[in-house]
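Below you'll find the structure, written out as structure tokens, and then a few comments.
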Amino acid sequence: MPSAQAMSHTVRQLPLAPLAQYVPGRVCATCDVCCHFPEADSFLRPYFTAEEIQRAVACGIPAAAFPNERGGQVVLVPHSSQEGYICPAYDVASNCCSIYADRPLDCQLYPLALMWNADQSVVMLGWDSKCPYLEPPASAAQVPHELSCYAREVAATLECEPRLGLIERNPSLVTRYQEDVVVLQSLPVLTERLRVRFPFGMGLLLTLDDRARFESAARRTLPDDPECPSAWLFANHALWRDRLRYSWREIRGCLCLFAECADGWFMPVPPLGGNTDADLLAEVFDVMNHHSRGHRVARIEQVPQTWADAWARHGYPAVPGEPEYVYRAEDLVELKGDRYKSQRAACNKLVREHEVTIEPFNESHRAECLTLHADWQVQKRLGAHPQRDAEWAALLLEDSEAFHRRLLSEAHVVGLTGRVVRVDGRLRAYTFGARIGSNVWCVVAEVADRSIAGLSNWTFRETVRRAAEAGCRWANSMDSSGLESLARSKQSYHPAQVIQVATVYES
């Protein structure tokens, strides 16, 4: 006889009987609300658990639609015949879900919604007023009797195993408070289960709406120019949220950003807001250790060296992080002297042999940029790497596709400015960046056709030229991602400063 643990695992893998559907199927088949989204990053796009992902892929949904195989929101695709985006499981021809029998719990619930109340103290079940089937009631007191009964039945199902355990393992199924959802039922059993698992609070998932809050906290904390680490840019976290589950909370007046990996939680950037005392450190490590399930993963990354030195005196040791390279903008624009001889020659050769132009990025460039990125990946894979770099470089390339797809869709909303470069009329390079602090331009991403000699040099120089014209005195090219070859390339531009950051641990 199999063990109880093995039987429990088997139960989790089997699909549960779907919830009863409140809205008639004939109505859903004529509706253009469900499965349709105005933005690629809509926080309403369906969440799939690990088991639901496996079943969806088995039914023919591309694995690329699920960047996080442990569970997460699906990657939407552009609608084939109108504006906006759709779930990849949605069949435009039939106006139906292609995996309806195996659709995830998140979809089965709709138009009911699982969400926290405003202060995140109670899990609620409500009716999403965006569903056109019912005129939304003004209050719970005006909810039709039939709808109230349905909500009670669903609530009872959600607060019993196995769905109770499913939601506990996938707490992102419970969304943040939504004002346009009419509360029908509280879920005290589920609330208590999540409180036990997350005694420090779950925190709020990082979304695009958090940009202003993050940037405000960063401005209160940024070290003097040009010592601003690139990780203190909102974009450098928002664009990775398919790979890591980011959440944040206010602790002792600071915005504390946490990232969840397979083994637990860490902080990809130190607390933002100006408070760096030992009591704050103790509290954030308590939060991380609770979620790290015995693994030694709890850490704070991208800590300025002066902070790390002070924290070491409180018993928090540090190890050096990847340094970042900062250049004087005027040096890169002028490329004067022997030390820039090779870069200057490469730029001059390019403009002698080709017609090269640079222009602001807009949405119409996205398809060409994606094609370029795919070609660039092939070029990078075929390129020679030192043995030590080869395996790591391959992993970085694997991650870059999802990052660049988000980048090209969300650059403006995450605060990045982009430019594209045309060589003899064809789009052959693009670059994105943003200002950190008052005087530093950070180059977040650059892709250039590697078959065109000098194109990368020219793109970098012209990017910095425009930043300098806007008042930036410095250019930050970020770190070398652990690649020796990339570090040599960055050093060949003769950085004026190398930003030293540290990763801090608990002793």
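The values are calculated or read from the model by the stated rules, or taken from the named source; none is laboratory data. All figures in this text were calculated on a predicted structure; none of them were measured in a lab. Here the Cβ positions follow ideal geometry from the backbone for every residue, glycine too, while neighbour counts run over all protein chains shown. Only protein heavy atoms, including side chains, enter the accessible area calculation; ligands, DNA and RNA are left aside. Shrake-Rupley method; radii C 1.70, N 1.55, O 1.52, S 1.80 Å.
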The condition from (1) under 19 Å from Leu208 (Cα atoms); (2) not in a loop (DSSP other than H, G, I, E, B) that Glu39 misses is numbered (2)
Of the residues that make up segment 49-69, is at least one touching a Cys at 6+ places or on another chain (Cβ under 8 Å) and at pLDDT 90 or above?
no
Test each condition in (1) open to solvent by 20 Å² or more (accessible area, probe 1.4 Å); (2) at pLDDT 90 or above; (3) small (Gly, Ala, Ser) for Gly165 and report the one that comes out false.
(1)
When segment 464-473 is checked residue by residue, the ones that are open to solvent by less than 10 Å² (accessible area, probe 1.4 Å) and touching a Leu at 6+ places or on another chain (Cβ under 9 Å) are Val464
What do you reckon, is Gly482 within 21 Å of Glu322 (Cα to Cα) and not aromatic (Phe, Trp, Tyr)?
yes
Among the listed residues Val174, Val181, Val196, identify the single one that is open to solvent by 20 Å² or more (accessible area, probe 1.4 Å) and β-branched (Val, Ile, Thr).
Val196
Pairs returned, first residue in segment 364-382 that is within 10 Å of Tyr430 (Cα to Cα) and open to solvent by less than 70 Å² (accessible area, probe 1.4 Å), second residue that is at pLDDT 95 or above and of a type in the set (Phe, Trp, Tyr), beta-carbon separation under 9 angstrom, 6 or more apart or interchain, are His365/Tyr430; Cys369/Phe361; Cys369/Tyr430; Leu372/Tyr430; His373/Tyr430
Restricting to segment 200-244, count the residues that are in a helix (DSSP H, G or I), open to solvent by 40 Å² or more (accessible area, probe 1.4 Å) and more than 22 Å from Asn68 (Cα to Cα).
6
Pairs under 7 Å by beta carbon, first residue farther than 19 Å from Phe66 by Cβ in segment 28-44, partner among the basic types (Lys, Arg), six or more apart or different chains?
Val33/Lys130
I'm trying to understand the selection: among the residues of segment 248-294, which are within 24 Å of Val196 (Cα to Cα), open to solvent by 20 Å² or more (accessible area, probe 1.4 Å), in contact (Cβ under 8 Å) with a residue 12 or more places away in the chain and in a helix (DSSP H, G or I)?
Asp279, Glu283, Asp286, Asn289, His290
Taking strands (runs of 3 or more DSSP E) that do not extend beyond segment 417-505, which have at least 1 residues that are under 30 Å from Pro271 (Cβ atoms) and touching a strand residue (DSSP E or B) at 6+ places or on another chain (Cβ under 6 Å)?
426-436, 440-448, 474-476, 497-499, 501-504
Within segment 300-329, which residues are surrounded by fewer than 20 Cβ atoms within 10 Å (Cβ to Cβ) and either among the basic types (Lys, Arg) or assigned to a strand (DSSP E or B) (or both)?
Glu301, Arg313, Ala318, Val319, Pro320, Arg328
State whether one or more residues within segment 218-239 are under 21 Å from Asp399 (Cα atoms), of a type in the set (A, V, I, L, M, F, W, C) and touching a Phe, Trp or Tyr at 6+ places or on another chain (Cβ under 7 Å).
yes
If Arg488 satisfies all but one of (1) closer than 22 Å to Pro320 by Cα; (2) open to solvent by less than 10 Å² (accessible area, probe 1.4 Å), what's the number of the condition it fails?
(2)
Just a yes or no: is a residue in segment 33-47 modelled with pLDDT of 80 or more, under 22 Å from the mean Cα position of the chain (by Cα) and of a type in the set (Phe, Trp, Tyr)?
yes
